[in-house]
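Contents: one structure, followed by commentary.
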Amino acid sequence: MTLNWAVSKSNPAPGPEKAPAPLQQQEEVRLTKVPLKKGDTVILKSLEDVTYFEAYVNYSFLHDLDGNRSLCGYSLAYLETRLDARFLRVHRKYLLNTERVSGIAPHLKGRFVITFTDAKKSSLISSAGFSDEVKALFKI
């Protein structure tokens, strides 16, 4: 058995007369602290203490001013949309706090070595794909 649906001017197709109004976009919430799980407790780490975030599967590690590395429950993609302008993606694996950078030096193939003000004087190497952002921020 075959059903044929005919649409004519006198018998329009069923459906709403007007298109629904677009859903209002919710304002994105900016993070001011990042939750870190330590045993059975959750510690809220202030963003001022963050040197950089390092991607790890669907999570990330938070590196702080004391040189500690703690597992964070957020991915870099999520953090990138929720952190303020002082945080910059410099590699698919790194999101850094620009206020904690102590030095920057050229590296191979358009990459940069970025050094931080933390206790261990940590450093990382940016990706060539993000070199324009690094150059613009640090006016190189």
Legend entry - Principal axes of region 40-140: Cα extent on each, largest first, Å: 44, 27, 22
Legend entry - Spin-label model distance (nm) - residue 66 vs residue 117, 7 Å beyond Cα toward Cβ: 1.9 nm
Inset, instruction - Between the alpha-carbon centers of region 112-140 and region 32-60, tell me the distance in whole angstrom. - result: 21 Å
Legend entry - Rel. contact order, % - alpha carbon contacts under 8 angstrom, at least six apart, region 50-93: 31 percent
Legend entry - √(5λ) per eigenvalue of the Cα gyration tensor, region 91-140, largest first, Å: 17, 11, 10
Inset, instruction - Can you find, among 58, 43, 71, the residue farthest towards the positive end of the dipole of region 37-77? Put +1 on the C-beta of Lys and Arg, -1 on that of Asp and Glu. - result: 58
Legend entry - Whole-Hz couplings from phi, Karplus 6.51/-1.76/1.60, listed for region 108-119; x for Gly and Pro: 5, 6, x, 9, 10, 9, 10, 10, 10, 8, 6, 4
Inset, instruction - Output ³J(HN,Hα) for region 135-140: one whole-Hz value per residue in order, computed from phi by the Karplus curve 6.51 cos²θ - 1.76 cosθ + 1.60 with θ = phi - 60°, and x for Gly and Pro. - result: 4, 5, 5, 9, 6, 9
Inset, instruction - Could you order 102, 75 by accessible surface area, starting with the largest, using a probe radius of 1.4 Å? - result: 102, 75
Inset, instruction - Tabulate in residue order the Karplus-calculated ³J(HN,Hα) for region 70-87, using 6.51 cos²θ - 1.76 cosθ + 1.60 with θ = phi - 60°, rounded to whole Hz; enter x for Gly and Pro. - result: 10, 6, 10, x, 9, 7, 5, 4, 5, 4, 4, 7, 10, 9, 6, 5, 6, 9
Legend entry - Lys pairs under 21 Å by Cα in region 88-136, provided they are eight or more residues apart or on distinct chains: 5
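The values are calculated or read from the model by the stated rules, or taken from the named source; none is laboratory data. In this text, all values refer to a predicted model and were calculated from it rather than measured experimentally. Heads up, the Cβs are rebuilt from the backbone with ideal geometry, glycines too, and the neighbour counts pull from every protein chain shown. Areas reflect the complete protein model, heavy atoms only, side chains present, ligands, DNA and RNA absent. Shrake-Rupley method; radii C 1.70, N 1.55, O 1.52, S 1.80 Å.
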